[in-house]
Amino acid sequence: MKKIIIKNISKIYKIGKDKDFYALKRINLAFDDTGLVIIAGKSGSGKSTLLNILTRIDNPSSGDVIFNGKRYSKLKKHKLNKFYNKEIGIVFQEYHLLENQSVIFNAQLPLLISGESKKKSTEKAKDILKSVGIKEELHSLMANKLSGGEKQRVAIARAIINDPKVLYCDEPTGALDTTNTKVVFELLKKISKKRLVICVTHNLPIAKEYADRIIELSDGHVASDISINPIENNVITREHKQKSRHNNWTSKILLTNYKRRVRRNVFCILSYSISLIMLLLVVGFITNKDRAIKEAGSRQLDFGSGLLSEEVKTSSAGMLTLTKSNRPDIDKVKNNSKISNLFEICLNFSTIFPQNMQISYQDYIVQDILINPIYSFDNTHIDYTLLDNGYFPNSDSLDEVVINELAFSYLCSQLNKNVLFEEFEIANKYLTTYVDEYDNEISDTFVFNRKVKIVGIVKEINYLPSPKMYYSHQALEKFLTESVLENLSTYKGKQITWYDRIAECDNNSLLSSYSYRLFLKNYNYKNQLFNNIDFGYNLVFTSQSLILCDSLIGFLQVAEYGTILFLAITMLGAILILSIMSFASYSEDHKSSAILSSLGASNDDISSIYLFESLINGIISVLLSILLSIPLSKLINLLINKKIDLNNLIVVSLNSFLNIKFLFPIIMIFLTFIICLFSTILPILFSKRKSLKGELQNL
């Protein structure tokens, strides 16, 4: 049975809208198992087209080729790889060696692709190279250091190392001088004793000297088919055993490529690292934002102090509803467990003891300092860690107050001296009139004029800050129970204190301040205030501390949206860069990839080279981002702390995420793998749409 049978092969190319060009016209040929067969002819005769069809690099327009009793057209993808690797060997006119690899690696590559071990393939490569006249001292040289004749002999060694049944040669001596041409043909002649060698050449004189058979083509036809020497079937049939896969050859090429593209890879690593660092920082910001807000927002000495009022509907006109704030009924307030369990319920003295009372030092009037109450200076109602200098009063007294850092800086700059432990005078007057059922008016004036000593300075959140002075509400309450309205007491015939007057006034009276003042019973209850407590019964709780926190939440919410958008842009940019770089790398190695395909390497093996190159960059990027994100987060936190006084707003958590240890690094590695997979494989698949013939012709 013939080794190769060609049946009615034609190859047609479209050269115009309605015009065809026949490169081959109904060719019928058969080839034995051994011998040196020369296919000759002028340029354009169809000899290279015929060789491309024989090597399955190109497909015929009609007809078929039968190889060892099997039709070419029946070869599937995986069988085609085996066909290239074990059934045939190809020697190209331009050698098509991997120029950046050693001679020994080029020679042993088909064995490595077939799954042979490195040790056995190296031993066999040495023997093959010796048989084609390549000295051992050349084995370690890069292929680009060889002469043309040496390169062609290495290419022949590579083509026959896997004991192919057929060796195809495309103008193997086209770029060689006369001496090297004879050396190559003598070698091919020797090889043809044990296998079929089909060689395309235009050099008829040298072909006649060595050929066993010469087939001459002209205009796509067989012009002549002459047997010169009788062919003896000396072929030794070897069965190729299935070997286990050893893809160490891909790692060799990968390492070479990686070193050659070190600058590009560094750029990829930096680009992807930036996106991963952004990912770590944004996730660290989003997951820690609420905790940071609660921690920062509660750093106010009067945190938990607020006003409780009742919203009363007064009128309604269409879509417009008017409401009025009144002080709620005290029984309704005390019977509300949400209020009574959480807060101290106190009268609001803001009407006679407002925030903007006059503060003076000697003859100097101080402006713009707010005077705010706290329930008590005992350690259950305030955060003692806020004290920055001085001390908290040992007992509730109106003689001692504390101020925040902003007020301290302001007073020191105004008075040009350290005001800690200095005495200031606080003064206020308020006239109130009592009207009885007979419209009699009894007026009394509340007079407060007292020296207070600043004994402590507290460090509060520095976000939308206000200079504040704090006094004890308990001390003021005691003071008001001892302060008597002289005229009203005389009129009533009993002692009436200012505390009594405010407690007994109408709930819609100005003296009531239209509200009760609430204070947290215990500072440790502070987190409950962030849960938007609904007291019901039209009761409304307002707190300047919580308003500040809401403002901070809104500000950080906008920042969160901005960082997520920036992260998305950064990640898309990184993916685009990785894709472009992978495509550029593959395009740069286009020659090597086409050569590997012609040697039987699968698309998966070739793709894995670039995938692992991308994965190396990805893993380095993950490690680099983890290494840099922690110090970078600390630097950013330091800058944020100076601007809006938030501590540890960004916490890069690597040990635990969603209460699972090392979850986030695992997510990053998985994400990196997916990104590298798609950014590498898709560009390669896009570029692989070109046929192997097209790829090899562009080399």
TODO: Consider residue 79 carefully, then state whether it is outside any loop (DSSP other than H, G, I, E, B), at pLDDT 85 or above and charged (D, E, K, R).
DONE: no
Open item on the list: From the list 545, 515, exactly one residue is of a type in the set (Ser, Thr, Tyr), within 30 Å of residue 287 (Cβ to Cβ) and under 60 Å from the mean Cα position of the chain (by Cα). Which is it?
Closed with: 545
Open item on the list: Condition first: under 28 Å from residue 470 (Cα atoms), outside the structural domain of residue 574 (by TED's automatic domain parsing) and part of a helix (DSSP H, G or I). Can you find one or more residues in region 280-293 that meet it?
Closed with: no
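Inspect region 67-77 for any residue being over 16 Å from residue 6 (Cβ atoms) and of a type outside the set (A, V, I, L, M) and give the result as yes or no. It would help to see each step written out before you state the result.
Quick first cut of region 67-77, residues over 16 Å from residue 6 (Cβ atoms) only: 76-77.
Next, from what is left, pick out any that are of a type outside the set (A, V, I, L, M): 76-77.
Yes, region 67-77 contains a residue that is over 16 Å from residue 6 (Cβ atoms) and of a type outside the set (A, V, I, L, M).
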- [ ] Count, please, the residues in region 633-673 that happen to be under 23 Å from residue 608 (Cβ atoms) and surrounded by 12 or more Cβ atoms within 10 Å (Cβ to Cβ).
- [x] 6
TODO: Scan region 601-622 and give yes if some residue there is under 30 Å from residue 91 (Cβ atoms), more than 16 Å from the chain's Cα centre (by Cα), assigned to a helix (DSSP H, G or I) and among the aliphatic types (A, V, I, L, M), otherwise no.
DONE: yes
Task: Answer residue from region 136-174, given it is over 19 Å from residue 595 (Cα atoms) and of a type in the set (A, V, I, L, M) and is surrounded by the most Cβ atoms within 10 Å (Cβ to Cβ) among those - done: 138
TODO: Give region 417-441 a look and list any residue that's among the polar types (S, T, N, Q) and either surrounded by 13 or more Cβ atoms within 10 Å (Cβ to Cβ) or at pLDDT below 95 (or both), or say none.
DONE: 428, 432, 433, 440
TODO: Give the residues of region 244-292 that are closer than 30 Å to residue 463 by Cα and surrounded by fewer than 17 Cβ atoms within 10 Å (Cβ to Cβ), sorted by residue number.
DONE: 286, 287, 290, 291
Open item on the list: Take the residues in region 121-137 that are aliphatic (A, V, I, L, M) and either part of a loop (DSSP other than H, G, I, E, B) or farther than 14 Å from residue 160 by Cα (or both); name whichever of them is nearest to the chain's Cα centre (by Cα).
Closed with: 134
- [ ] Note down all Cβ pairs under 7 Å where the first residue falls in region 419-431 and is touching a residue at least 12 places away in the same chain (Cβ under 8 Å) and more than 26 Å from residue 446 (Cβ to Cβ), the second is among the polar types (S, T, N, Q) and surrounded by fewer than 16 Cβ atoms within 10 Å (Cβ to Cβ), and they're at least six residues apart or on different chains.
- [x] 420/389
- [ ] Would you be able to tell me the number of residues in region 169-196 that are closer than 21 Å to residue 218 by Cα and among the hydrophobic types (A, V, I, L, M, F, W, C)?
- [x] 1
Open item on the list: Condition first: part of a helix (DSSP H, G or I) and either touching a helix residue (DSSP H, G or I) at 6+ places or on another chain (Cβ under 6 Å) or more than 30 Å from residue 290 (Cα to Cα) (or both). Now tell me which residues in region 495-528 satisfy that.
Closed with: 498, 499, 500, 501, 502, 503, 504, 510, 511, 512
- [ ] Tell me, yes or no, whether region 67-75 has at least one residue that is within 42 Å of the chain's Cα centre (by Cα) and of a type in the set (S, T, N, Q).
- [x] no
Open item on the list: Can you find, within region 315-356, the residue that is farthest from residue 404 (Cα to Cα) among those that are without any contact (Cβ under 8 Å) to a residue 24 or more places away in the chain and part of a strand (DSSP E or B)?
Closed with: 317
Task: Single residue of region 427-459 satisfying the filter (among the acidic types (Asp, Glu) and in a strand (DSSP E or B)) that is nearest to residue 397 (Cα to Cα) - done: 444
Open item on the list: Suppose the filter is in the same structural domain as residue 559 (by TED's automatic domain parsing), of a type in the set (D, E, K, R) and modelled with pLDDT of 85 or more; does residue 588 pass it?
Closed with: no
Open item on the list: Being surrounded by fewer than 18 Cβ atoms within 10 Å (Cβ to Cβ) and either of a type in the set (Phe, Trp, Tyr) or over 40 Å from the mean Cα position of the chain (by Cα) (or both) is the filter here; which residues of region 83-105 pass it?
Closed with: 94
- [ ] Any chance you could count how many residues in region 504-556 are surrounded by 17 or more Cβ atoms within 10 Å (Cβ to Cβ) and in contact with a Cys (Cβ under 8 Å, 6 or more places away or on another chain)?
- [x] 6
Open item on the list: Looking at region 547-575 only, could you name the residues that are within 16 Å of residue 679 (Cα to Cα) and touching a residue at least 40 places away in the same chain (Cβ under 8 Å)?
Closed with: 570, 571, 573, 574, 575
Open item on the list: So residue 534 ticks every box in (1) acidic (Asp, Glu); (2) under 24 Å from residue 462 (Cβ atoms); (3) at pLDDT below 90 but one. Which box is left unticked?
Closed with: (2)
Task: Residue list for region 357-379, filter: buried (at least 16 other Cβ atoms within 10 Å of the Cβ) and either touching a helix residue (DSSP H, G or I) at 6+ places or on another chain (Cβ under 6 Å) or in a strand (DSSP E or B) (or both) - done: 359, 361, 366, 369, 370, 371, 372, 373, 374, 375, 376
TODO: Just one of (1) touching a strand residue (DSSP E or B) at 6+ places or on another chain (Cβ under 9 Å); (2) without any contact (Cβ under 8 Å) to a residue 40 or more places away in the chain trips up residue 110, so point out which.
DONE: (2)
Task: In region 460-494, the residues that are out of contact with any Leu (no Cβ under 9 Å at 6 or more places or on another chain) and either assigned to a loop (DSSP other than H, G, I, E, B) or among the β-branched types (Val, Ile, Thr) (or both) - done: 481, 483, 484, 485, 490, 493, 494
Open item on the list: I'm checking my understanding of the structure. Among residues of region 10-28 that are buried (at least 20 other Cβ atoms within 10 Å of the Cβ) and not charged (D, E, K, R), which one is nearest to residue 212 (Cα to Cα)?
Closed with: 27
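The values are calculated or read from the model by the stated rules, or taken from the named source; none is laboratory data. All figures in this text were calculated on a predicted structure; none of them were measured in a lab. A quick note on method: Cβ atoms are made from the backbone with ideal geometry, for glycine too, and the neighbour counts reach across all protein chains shown.
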